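Take a look at the structure set out below.
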Amino acid sequence: MRSRAASAAVSALVLAAALAACSTGTSTSSTPSSPAAPSPAASSMASTAPSMTGEMATFTSTSPAYSFQYPSSWKREEGTPSHPVTLSPESGPNWVELTLDKVRSGTTLDAYRRAYRKQAAQWGFTVVATHPATMGGQPALVIESTKMNANILSRTAAFFTISGDCAYMLTLNGPDDSFDADYQTLMSMAESFGFGG
C-alpha cells in the first residue's frame, strides 16, 4: 500500500516565505490530443526524454496559464489551487501530483532546490540525486528522494521550474519496485509543459 501522506508531504514543499498558491483560482479542462511535440532543448536531458505514445489528454489552467499532456488512460483527480491535479495509471501504485508555489521575485532554481532538500530531510526523505533538466523547454531541476515506509522503499522524483512568481513541480511518487515504469512518462509530462497564453 502506498503511503500518500508521506510522499505527498515532499511534493507539497514550499519556500517558507511563500505558502500561497500562484493564483486565487485555477480553471482547468481536459482535451484529448496527439502526443506532445518536443520543445527546444535547454539541457541534454531534453534530447533523451521519451515521447508519450497513445491517446493523450491535456490539463489546462487559465490562471496562471499553463498546460501539460498526460496519458488519457490515467485517472485524474482535481484538487486545490496549490495542488491542482493528481494523476495515476489505471493499474499500479504510482501517482503524479502537480504543485504550484508562489515564490518571491528573483527566487532561483538553486534557492528552491535548497529549500526543497531541507524540507525533505525534515520529513525523513533522503535525497539521492539532483540533476538539471527541462520543463517545457525552460531550465528545471530534478530531485530524486527515497524513504522507508513500513519496510517498503518509497521513491519520489520532482521536476520543478520557476516561471514568473510561480514554481511548478511535477512529482512522481511510488514504491521502488514499480517506480521506474512511470518515470519515463513523468519526463514526457515535464517536457510537454507549456507556460502562458
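The values are calculated or read from the model by the stated rules, or taken from the named source; none is laboratory data. It should be emphasised that the depicted structure is a prediction, and the values quoted were computed from it without experimental measurement. Cβ atoms come from the backbone with ideal geometry, glycine included; neighbour counts cover every protein chain shown.
Of Ala181, Ala150, all but one fail to be exposed (fewer than 15 other Cβ atoms within 10 Å of the Cβ), in contact with a Pro (Cβ under 9 Å, 6 or more places away or on another chain) and modelled with pLDDT under 95; the exception is Ala181. Within segment 64-82, the set of residues being of a type in the set (Ser, Thr, Tyr) and either assigned to a loop (DSSP other than H, G, I, E, B) or touching a Leu at 6+ places or on another chain (Cβ under 6 Å) (or both) comprises Tyr70, Ser72, Ser73, Thr80, Ser82. For beta carbons closer than 6 Å, sequence separation of 6+ or different chains, a first residue in segment 112-134 that is surrounded by fewer than 20 Cβ atoms within 10 Å (Cβ to Cβ) and a second that is of a type in the set (Ser, Thr, Tyr), the qualifying pairs are Thr126/Thr146; Val127/Ser145; Val128/Thr146; Pro132/Ser43. Taken as a whole, segment 161-172 holds no residue that is free of Cβ contacts under 8 Å to residues at least 24 places away in the same chain, in contact with a strand residue (DSSP E or B) (Cβ under 9 Å, 6 or more places away or on another chain) and outside any loop (DSSP other than H, G, I, E, B).
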